[in-house]
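Just so it is clear, none of the values below were taken in a lab; they were calculated from the coordinates. Not measured: the values here are computed from a predicted model.
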Amino acid sequence: MMEQQRRSDAITVARLTAAPSESVIELFRRSFPRHPVSQVDSVLASAFLGAYAMRSILLVAQERESSRDVGFLIGGDTLTLDRTRVEFIRKHALRIASNSTRSRSLFRLLLMRLRPARSFATAPYFEYQLRFIAVDPQARGLGIGALLVKAFEDELRPSLDGYHTWTMLGERGAEGFFTSLGFVRDVVSGDHVRLRKSLR
Ligand SMILES: CC(C)(COP(=O)(O)OP(=O)(O)OC[C@H]1O[C@@H](n2cnc3c(N)ncnc32)[C@H](O)[C@@H]1OP(=O)(O)O)[C@@H](O)C(=O)NCCC(=O)NCCS
């Protein structure tokens, strides 16, 4: 507890509006290796994270003393998140597809290129979503993930009115992390679970 407290004091969380550092890009690629963008190269991953930074919320946790980036979070309102993702993937579909080792991904990407962007909604548009969060494996279990989620909630709170709730889609393995922060299980689908937390 003491260690966690000291650790939290040693971390700053900042909101970025452009592509993050190389270490955040590599953390994204290592933490989400099955994501189509991770399978291409760090230049494309950098552009992907930069697109979210410009249009949604990208938070980066940094060690105060060493200035080392140790975690990140991406989230925002579901409409903007979905548009950013679909527009980016459509724009780079052929490059991503040619790097994909899975024929299912290839099929989905080609389909995405043909269909209008609005058909890829993942949640109702009056909600906010935490889409990606990762902490450097060497810095896990020290409260940095919780700090990022709290900073995200603080970013959202001013724009919420009485009707907003908050959802996220996460890998099933991280469910305990989210439930410890007050999320409750909503829907399970394959490897993913959607959890919900109201910030009302
Ligand atoms: C999930 C992740 C971001 C957690 O970051 P972290 O900095 O290690 O988490 P914290 O130290 O802030 O943990 C906060 C709480 O969650 C708990 N927790 C963390 N990971 C957990 C897990 N996998 N299962 C159960 N509980 C977990 C901690 O014990 C702590 O609980 P406490 O406050 O009661 O002590 C990190 O493990 C990670 O990067 N995982 C890989 C990427 C990923 O799966 N992201 C989620 C899908 S988008």
Spelling out what I want: for every residue of segment 136-148, take phi, set θ = phi - 60°, compute 6.51 cos²θ - 1.76 cosθ + 1.60 (Karplus), and round to whole Hz; glycine and proline get x.
3, x, 6, 10, 6, x, 10, x, 6, x, 4, 5, 5
Quick one: what does P(r) look like for segment 41-104 with 5 Å bins over all Cα pairs, in whole %?
4, 15, 21, 20, 17, 14, 6, 3, 1, 0
